[in-house]
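These notes are about the structure you will find just below.
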Amino acid sequence: MRVISIDSSKGGVSKTTTTANLGGLLAEAGYCTLLIDLDTQPTLSSYYPLAHDAPAGSTS
């Protein structure tokens with residue numbers, strides 16, 4: 001298993017866009033992927049809609 005972390009303390013530097021594109025590319029290449037958005041304003045699900053919402057998000 002490989003873990004790739006994309007982070008920055010600055011906002012607006014395309015962390016979510018980079019994550020969504022990299023995850024999509026790896027999934028299309030046949031890799032099993034798990035994308036986790038821990039931002040206080042999570043927008044990754046706008047790229048890939050969630051089938052099920054977690055009531056408490058990542059804190060549960």
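Run the numbers for residue 13 and residue 38: contour at 0.36 nm per residue of separation, minus the present Cα-Cα distance, in nm.
Net length gain for the segment: 7.5 nm.
Taking neighbour Cβ counts within 10 Å as the exposure measure, how do 7, 39 sort from fewest upward?
Listing 7, 39 from fewest to most nearby Cβ atoms yields 7, 39.
None of the figures in this text is laboratory data; all of them are computed from the coordinates on show. Since the structure is predicted, the reported quantities are computational estimates derived from the model, not experimental observations. Cβ: placed from backbone, ideal geometry, glycine included. Neighbour counts: every protein chain shown.
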